[in-house]
Amino acid sequence: MITQRFLGADRRIAAMILALLAAAVIVPLLNLAVSPQSAFYIPPYIVALVGKYLCYALLALALDLVWGYCGILSLGHGAFFALGGYAMGMYLMRQIGSRGVYGNPILPDFMVFLNYKELPWFWYGFDHFWFAALMVLAVPGLLAFVFGWFAFRSRVTGVYLSIITQAMTYALLLAFFRNDMGFGGNNGLTDFKDILGFNVQADATRSALFSASAVTLALAVFVTAAIVRSKYGKLLMAVRDAESRTRFLGWRAENVKLFAFTVSAIMAGIAGALYVPQVGIINPGEFEPANSIEVVIWTAVGGRGTIVGPIVGALLVNAGKSWFTGVLPEFWLFALGGLFVAVTLLLPKGVVGMWDNWRSQAKALRAASLAAAASAETEASQPKIVRSAARTPGAWSAAGPEPQPAE
Amino acid sequence: MNKSNTILYLDGVSVSFDGFRAINNLSLVLDKGEMRAIIGPNGAGKTTMMDIVTGKTRPDEGEVFFDGQVDLTRHDEAEIAMMGIGRKFQKPTVFESHSVEDNLMLALKGPRSIFPALFHRASANEARRIDDILGVVRLGDKREETAANLSHGQKQWLEIGMLLAQDPKLLLVDEPVAGMTDAETEETARLLKDIARDHSVVVVEHDMHFVRELGVKVTCLHEGSVLSEGTLDFVSADERVVEVYLGR
């Protein structure tokens, strides 16, 4: 039974990786190689839109690692996403060079406008892609490490941790709004021209960015599944279910959490870096606490602790959002709030969890009817459904474990 | 007092929470290889004493030594666990979403840092060790079972098994038979006696039949200090103990 479930969850993750890799090849082909008259043609705006959703999906996957597998409900993951985005945005700004409105070869337009005499020190190096790429990983990772080091060592947990993560992203929002921070104030960074020498507006570049997002997401799924399946991953779930037990076994629960939190923040930063060239702007609005809460909703809708769920959730909710804001824009936030309430009440394990339940019920019914047929001469045996929570990556079923406080 | 041959040595320990003295000038000595039962009415400070020994609570005053020379008040839970003190909670606390085998695997003695855990491969040696423990705690046929599906008594045994996997020198076992059937209680007494052959054990328990079954020296705590100490017959004949248990 357990091996079956394990294979089932494994197969689902493998299918997700394959689907993402296939999309990375097929979508650009259908966009670039097929004539616009064909029924199979994918217009550029769809490529850009879905590429954006894939970045959101990567962000939701990052949250799933800490929330689904370690019970850390971060309401500030949008901050790591935005920081990764700003690092990429700074590179893109430096690539504009003298093509800006003011024609200054060194200073971006907003700095000329705000009377900067020279480039602030923290903008050095961002004219190199490798440096920007390093910062995409390092800045969110370092912030998460320092933040987590203090929070987890002081044993801040549960709702208190959620509140301080929310405060963190809000503080960054206020900081980035200021003009003298040197990040373009409330206008943020925009008017990008090139990435690695290619025009960001060109169809081919957009397709390439789409492929990069899909491949990165596939890689992240693979890495997350590998982490979750390792002994460390089991430890992560053990900390979620009975933190004090892990301490009295000699594990340092704070380090276990800190590692997952840092890895998750780096994944969120990568998502932000892929997002910015595709949408063409990064501004302090990305630090908005509401954004981080939306990520939680995607993850909850898809099913946390399942790896595949958050990706499905992010794609579904964002597709819904694009459609809904076209039809009834002023009601979107109500619909989103309603969705969260509905999922919490009706689908506590999200779409993927519902699918699992439905499957195991169908299987039990089938087994029951088989057993009934077989019991013509022998006594019917009632099939027993073994239920467990996310023991293996991707497997959810009924009756999740209660977190157990020690004594 | 000489602490050279002791596994656990508490002298003049006091701790108070918001003015309430949970432990009051408590002194207790456990010899190496000894099994001791601790009894006492609710609020006598039994669990607080375990909290102090395992580093969860720091005493306001007094000395706490492990193995004759290690000052436990200077270490935290994880360090103390690594030195060889295992603790079973009052409420069985196992990793419910993991299998019995994985529960033991996480408890097995070994490196306790992140990267070895990330790249850990199960070895034949570990599998053998897990087999041994499963045999000792009577869960041999439950290896693949999810811990959440175990009965209450089986969870208690699994938790004791996790302590054994740590390979501790001293086991602190808090109410191991609470909520167990009579048959399970007897089996648990046998299990603990097995374990006591090569470990030092402190058992906190309310169940007098169980304590009698263990047949070891008994310490009765009351209001945070030792009220009486000796054989169970001696302690239960002590007028003060009777008074405490039956009320004045």
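Readers should treat all values here as calculations from the given coordinates under stated rules, not as data from a laboratory. The model shown is predicted, which means the values in this text are computed figures rather than measured ones. Heads up, the Cβs are rebuilt from the backbone with ideal geometry, glycines too, and the neighbour counts pull from every protein chain shown.
Amide H to amide H distances under 5 Å link B:Ser225 with B:Asn24, where only residues 5 or more positions off or on other chains count and H is placed in the peptide plane. Counting 0.36 nm for each residue step from A:Leu18 to A:Ser98 and taking away their Cα separation leaves a gain of 24.5 nm.
Peptide A:231-243 is shielded by partner chain Cβ atoms: per residue, an average of 6 of them sit within 10 Å of its Cβ.
Considering only alpha-carbon pairs that sit under 8 angstrom and 6 or more positions apart, the relative contact order computed for segment B:98-167 is 56 percent.
Projecting the Cα atoms of A:Ala253, A:Phe192, A:Val146 onto the charge dipole of segment A:1-361 (Cβ charges, centred on the Cα centre) puts A:Ala253 farthest toward the positive pole. Hull volume per residue, based on the alpha-carbon atoms of chain A and their convex hull, is 176 Å³. Label reach from B:Arg121 (point 7 Å along Cα→C-beta): in segment A:195-231, amide nitrogens under 19 Å belong to A:226-231. Spatially close Lys pairs in chain A, defined by Cα atoms under 25 Å apart and a spacing of eight or more places or different chains, total 12. Note on segment A:1-361: with charges restricted to the Cβ of Lys and Arg (+1) and Asp and Glu (-1), its dipole about the Cα centre is near 1200 debye. As a proxy for reagent exposure, ranking A:Trp323, A:Trp123 by other Cβ atoms within 10 Å from fewest up yields A:Trp323, A:Trp123.
To the nearest 0.05, how large is the calculated FRET efficiency for A:Ala138 and A:Phe334 if R₀ is 60 Å and r is the Cβ-Cβ distance? Computed FRET efficiency for A:Ala138 and A:Phe334 comes out at 0.95.
Summarising the label geometry, the points placed 7 Å from Cα in the beta-carbon direction at B:Asp182 and B:Asp238 lie 3.0 nm from one another. Counted residue by residue at 0.36 nm each, then reduced by the alpha carbon distance between them, the extension gain from A:Phe40 to A:Arg153 reaches 35.2 nm. Mean sequence separation of contacting Cα pairs (under 8 Å, at least six apart), scaled by the length of segment A:248-340, corresponds to a relative contact order of 14 percent. Rounded to whole numbers, the Karplus 3J(HN,Hα) couplings from phi for segment A:104-109 are 7, x, 9, 7, x, 3 Hz, using 6.51 cos²θ - 1.76 cosθ + 1.60 with θ = phi - 60°, and x at Gly and Pro. Here the 3J(HN,Hα) profile of segment A:68-78, calculated from phi with Karplus coefficients 6.51, -1.76 and 1.60 at θ = phi - 60°, is x, 9, 10, x, 8, 7, 8, 9, x, 5, x Hz, Gly and Pro shown as x.
Packing, as the average of other Cβ atoms within 10 Å across residues, places the peptides B:123-130, B:197-204 in the order B:197-204, B:123-130, highest first.
Subtracting the Cα-Cα distance of B:Arg212 and B:Asp141 from their residue separation scaled by 0.36 nm leaves 22.6 nm.
For trypsin sites (Lys or Arg not before Pro), the sites in segment B:5-72 that DSSP calls loop and that have at most 15 other Cβ atoms within 10 Å are B:Lys32. Peptide B:236-243 has a mean shielding of 0, counted as Cβ atoms of other protein chains within 10 Å of each residue's Cβ. Distance from the Cα centroid of segment A:341-378 to that of segment B:86-123 is 31 Å (rounded to whole angstrom). Can you give the FRET efficiency to the nearest 0.05 for B:Thr73 and A:Leu29, using r as the Cβ-Cβ distance and R₀ = 51 Å? Approximately 0.15, to the nearest 0.05.
Close amide H pairs (under 5 Å, H built 1.01 Å from N) link A:Ile42 with A:Asn31, residues at least 5 positions away or on another chain. Between the listed residues B:Asn103, A:Pro44, A:Leu161, the Cα displaced farthest toward the positive end of the dipole of the protein assembly as shown, a dipole computed from Cβ unit charges relative to the Cα centre, is found at A:Pro44.
Computed from label points 7 Å out along Cα-Cβ, the spacing between A:Met354 and A:Val327 is 1.7 nm.
Reported to the nearest whole Å, the Cα centre-to-centre distance from segment A:223-257 to segment A:127-190 is 25. Using Cβ point charges alone (K and R +1, D and E -1), the dipole size of segment B:98-167 about the Cα centre works out to roughly 160 debye. The H on the amide N of B:Lys88, modeled in the peptide plane, is under 5 Å from the matching H of B:Leu172, B:Val173, B:Asp174, each at least 5 residues off or on a different chain.
The mean count of C-beta atoms from other chains within 10 Å of the C-beta of residues in B:45-58, rounded to a whole number, is 1.
Would you please give the FRET efficiency between A:Asn186 and A:Phe222, computed as 1/(1 + (r/R0)^6) with r the Cβ-Cβ distance and R0 = 41 Å, to the nearest 0.05? Let's see the in-between values first.
Values: r = 38 Å, r/R0 = 0.94.
Taking R0 as 41 Å, the efficiency between A:Asn186 and A:Phe222 is 0.60.
When each of the peptides B:142-149, A:79-86 is scored by the mean number of other C-beta atoms lying within 10 Å of its residues, the order from highest to lowest reads A:79-86, B:142-149. Taking Cα centre as origin and charging only the Cβ of basic (Lys, Arg, +1) and acidic (Asp, Glu, -1) residues, the dipole magnitude of the protein assembly as shown rounds to 1820 debye. Dividing the mean sequence gap of close Cα pairs (under 8 Å, 6+ apart) by how many residues segment A:1-361 holds gives a relative contact order of 32 percent.
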